[in-house]
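Here is the structure we will look at, set down as structure tokens.
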Amino acid sequence: MTEKQANKEKDVRQTVLVVEDEPALSDIYATALRNGGFRVEQAYDGVEGLDKALHLRPKAILLDLLMPIKDGFDTLHDLKSHNDTSEIPVIILSNLGQDFERRRGEDLGASCFITKTELQPTRLGELIESVLAGKGCHLPPLPKTK
Amino acid sequence: MSEAVLAVLSFACFAYVYREYRRRKAAGLLSSAFGFLALSAAFAAWFGLETANFSGTGAAVGLIYRLFLLVIVLAPFLLVDGLQRAMGGNWIRLKTAGLLGLGLVVASLVEIFTDFDDVDFSNGLLVFHQAWWSDLLISLGWLALLGVGLYAVWHHRRVSGLRSLALIVVGYLAATLAFAIIAFNVSHPAPALFLALFAMSLIVTLCLLVVAGNHPDPAVVQNPYHLIRRSLSLKTAVLQALLFWLLYLAGMVVIVVYFVQFDLASKEGLTRQTTVRLTECVHDSQERLLDQVRVFALNPRELPAEYDGSGRLPDNLSDLISISGSRLVRIVDSQGRVVYSNFGASELGQSLFGWPAVRGALSGIPSASLEEDVGYGRPVIMAAASVALDDESQGALVISRDVDECYQLADAFGGRADGYGLIDRLGDPVSAVGSSLSAEALSTISAIDEYDAAAVRRTSSGGLLAVSSVTDSAGQVSGYVYAFLSPATVRASAVGLAAVIILMAVVALVLMTLALIATLAVILKPIRELREAAAAVEKGDYSRVVEYDRPDEMGDLAGTFNQMRSKIGRQTKRLERHIQEQNDFMVNTAHEMRTPLNVFSWTVDLLRFGDTGRLNKAQLELVEQLRQTTQRLFGLVSNMSDAAKVSSGEFAVEVKPFRLVDVLEEVAGTQSVQLREKDIELDWRQPISELPPALGDAQRTYQIALNLISNAVKYTDQHGKIKLRVKAVSRRSPDGPKGRYLQVTIQDNGMGIPQDQQDQVFNRFFRARNAVSSDTQGAGLGLFLVKKLVERQGGAVWFESTEGAGSLFGFTVPAVDVRDKSSRKSESEKS
């Protein structure tokens, strides 16, 4: 067993790539995901996001749409057109929310399209797990607290 | 005469309409045909009766008159019925009025048959006599007919096209028939003139109606007068014919007026002549009789003072007097009592002292005068002179002569009066020959103060009257002689002349119009050829030559046209070649450019995907810029290639149903990031109800929408608004032809397009100067391509724009007609 392999085996957590240009938001998502038991990589624009996705092969990608240089849709398109990254489920998390915007996301192959206002960052972990388990984007409703 | 013309015209109409009925089998045409036939028969019968100088009993003529009127009211009813069936529509009011008129006439006919012997035919329009109310009914009947006509004309403004024309026909028909009735009853040229006018208008309008109804061009059916406006030869012919007719009519009116004056003068002369002859005859006779009795004064003989009762003249008279015919001889005593008369013993003892002539003679002056001889019973011209009687008293010899001899003299010399006669001193008619004086003429005579044989007067009803006084030998007026012509006689020749003129006018007008149309058709033939050649040139056929080489103006025009045509042909071919070369160049260039662009693209991908080794962040960003630029270049090349192909026509556009809303959604999606980056609100509301599918090429429509929407995004500033709407419409463009389309409108509040550049917007390579200066990117091909693509699919594209305020672009795509079975089939095949 090489050192590298040993290192890899040690770390059985799944990697999630967060592509978000707002550093504050990116940190929030990263924290929430780490709390959820994931390893998190962060990229701050589409170019970086594509590059990291290609080399790190995350299990899931959280993708913002409005980013400088290369926007989310363009990144998504490139992700899905390269063999190494086409299978990775992409969850679009954006403050865009109109029907035609969701539609584009779906057409390009995103697994989920969630508006930032819809989601509580604390539930991000559950969301990723649900997607990875193949259950789609639906979050189970929170149990009513009384 | 006009009745003959009308009969012929009506029959021609019948023949034509009947032939149409046989061809088209429309019920309305049959009733119209029979209407015309009835009219034709009626007019022919009228004409026949007049020509044959029909005169039967009053009842028979009255019956015929009423039968004729029945036809007059029945025929238009049939025609109106036919027209209404042909035109459609609910002419309930017209029909009711027509039925009413018909009913009235039938009622009057029924009345006649029950009261046959009481009927008495009198000439006149509104006749009131024993069976007066039957005529009242008839009059009401044709008043209803007039009402129908007036209503039709008034109503025609409310409808359009053929129906309007049909109503005008009804109006003309009613007017024609009304004037026919008037002309029948009144012998005045005016109604006959109007009759001809309206008959002509009727024929022309009917012809227009028939021709326009069958015309293949819907614009003509809509407004039949277009037929005249569109044909140069018809217009010219109608104008010229009208002009001719007006001039002819004016000329004829002048001639008629002169003729009437002349005729009147000659009639006046003749009337005066009659009066003069009569007066002269009376005076002459007076003189001659006077001479005869003067002989006695010079050769006094004693005449018997008592009548011997034999009736023979006393012997000493017979050698001096020849008694022939209507000569009366009387001898009176000094008291004026008749002692001898060859008239009979009944006169003996009667006093003739009342006669001025007798009084004059008894006082020693031989006198003569015109007197009404009560004993004889007729007016006589008498002369008297004193004679010695054998009982040594003074008596008088009175010789008289019947005034009839003067009447015969007047006749023998060609007196042409309708009547002439005598009036006594007191103004009472005494004797007359021919027609008697009307009361009106009598009142005219009594109103005259001076009797001058040279003056002929007109009575108020239009007759001529000449009166002159007859004086006795003492110079006193003893009576008046008159001669008159009745108004009918005065007018007769004018009426006859007017009828002939009108007939000639109608015939001349028809012939001239036909001749003009034929001539103009020949003269204007080169214009038609020119028009056809021009149409061919417009379609792109430059080989069509106008073959008219005569040296007149048309020949010049044709020659110039031919030269122009060949020049344009050459130019067009050259231009087309240029464009083709340009297009080919563009297609080739685009094709050539794809290869190096592909190389760029692959190289960029190799770099960024790490196949040449992992790049650092800065390098990756540069490569990303390169990639985006390459994509833009690809887009430009694609546009260029498409633009070239669509111009040269090698552009395949498929026609299939697709969902337009889906296409628009996709396009909106591609713009979502730019919209957010510029903070532009896209107001895109999906229609509430499902739209019909669009019929066209989904890919091309995507291109169109993408071009227009990305333009809107490009040219709208920060925080702007774009409104996107789609709906089903019934026109291809706001003022375009009707059809089923889906319309997409994109409204922005961006920089707009300057007013003076708006007509170049769809040109190839056009970029508005405010777009160029604002540093937005574009090659200018977008809108050019959009227009071509939209039109290729069968839609239209348009825009409205205000510089600085924004633009609205709209385009249409044909929609599937839900009733169209074939498209539904392809829909089900698709699913």
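The values are calculated or read from the model by the stated rules, or taken from the named source; none is laboratory data. Just so it is clear, the structure is predicted and the values come from calculations on it, not from any experiment. No Cβ is skipped: glycine too gets one built from the backbone with ideal geometry, and neighbour counts run over all protein chains shown. For accessibility, only protein heavy atoms count, side chains too; no ligands or nucleic acids. Shrake-Rupley method; radii C 1.70, N 1.55, O 1.52, S 1.80 Å.
So the values come out like this:
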quantity: Estimated FRET transfer efficiency when R0 is 25 angstrom, pair B:LEU626-B:SER710 (beta carbons, to 0.05); calculated: 0.70
quantity: Given A:LYS70/B:LYS678; B:LYS678/B:LYS714; A:LYS52/B:LYS617; A:LYS52/A:LYS80; B:LYS617/B:LYS714; A:LYS116/B:LYS617, the pairs whose alpha carbons are separated by over 18 Å; calculated: B:LYS617/B:LYS714; A:LYS116/B:LYS617
quantity: Sulfur and carbon atoms: percent of accessible area, region B:327-445 [1.4 Å]; calculated: 50 percent
quantity: Carbon and sulfur %, accessible surface of region A:36-143 computed with the full protein complex present, 1.4 Å; calculated: 48 percent
quantity: Shielding of B:662-668 by partner chains, average beta-carbon count, 10 Å; calculated: 3
quantity: Summed buried accessible area for B+A [probe radius 1.4 Å, Å², rounded to 100]; calculated: 2300 Å²
quantity: Difference of contour (0.36 nm per residue) and Cα-Cα distance, B:LEU242 to B:ALA474; calculated: 76.8 nm
quantity: Partner chain coverage, peptide B:670-683 - average Cβ within 10 angstrom; calculated: 4
quantity: Principal axis box of chain A, alpha-carbon based, largest edge first, Å; calculated: 51, 46, 29
quantity: At least 10 Å² accessible surface lost relative to isolated chain, residues of region A:68-82 (1.4 Å probe); calculated: A:ILE69, A:LYS70, A:ASP71, A:PHE73, A:ASP74, A:ASP78, A:HIS82
quantity: Distance between modelled label sites at B:TYR225 and B:THR589, nm, 7 Å Cα→Cβ extension; calculated: 5.8 nm
quantity: Gap separating the Cα centres of region B:239-277 and region A:45-69, nearest whole Å; calculated: 113 Å
quantity: Restricting region B:649-747 to trypsin sites (Lys or Arg not before Pro) in coil, as DSSP defines it, with at most 11 other Cβ within 10 Å; calculated: B:ARG685
quantity: Interface residues, region A:96-123 - accessible area loss of 50 Å² or more versus chain alone, probe 1.4 Å; calculated: A:PHE100, A:ARG103, A:ARG104
quantity: B:VAL253-B:LEU808 pseudo-label distance in nm [points 7 Å out on the Cα-to-Cβ vector]; calculated: 5.9 nm
quantity: Calculated FRET value between B:VAL295 and B:ASP390, using beta carbons and R₀ = 30 Å, to 0.05; calculated: 0.95
quantity: Exercise: per-residue mean of other protein chain Cβ atoms within 10 Å, B:618-625; calculated: 4
quantity: Taking all pairs of distinct alpha-carbon atoms in region B:720-766, Kirkwood radius in angstrom; calculated: 13.0 Å
quantity: Residue among A:LEU76, A:GLY125, A:PHE100 farthest towards the positive dipole end of region A:31-146, charges placed on Cβ; calculated: A:GLY125
quantity: Residues with amide H under 5 Å from that of B:SER478, placed H, sequence gap 5 or more; calculated: B:VAL470, B:THR471, B:ASP472
quantity: Extension gain, B:GLN571 back to B:THR612 (0.36 nm per residue minus Cα-Cα distance, nm); calculated: 9.0 nm
quantity: Net length gained if the chain between B:VAL653 and B:LEU633 were fully extended (0.36 nm per residue, minus Cα distance); calculated: 4.8 nm
quantity: Nearest-0.05 FRET efficiency for B:MET504 and B:ARG425, computed from C-beta distance (R0 60 Å); calculated: 0.70
quantity: Loop GluC sites (Glu not before Pro), region B:572-664, which have at most 11 other Cβ atoms in a 10 Å radius of their Cβ (DSSP); calculated: B:GLU650, B:GLU654
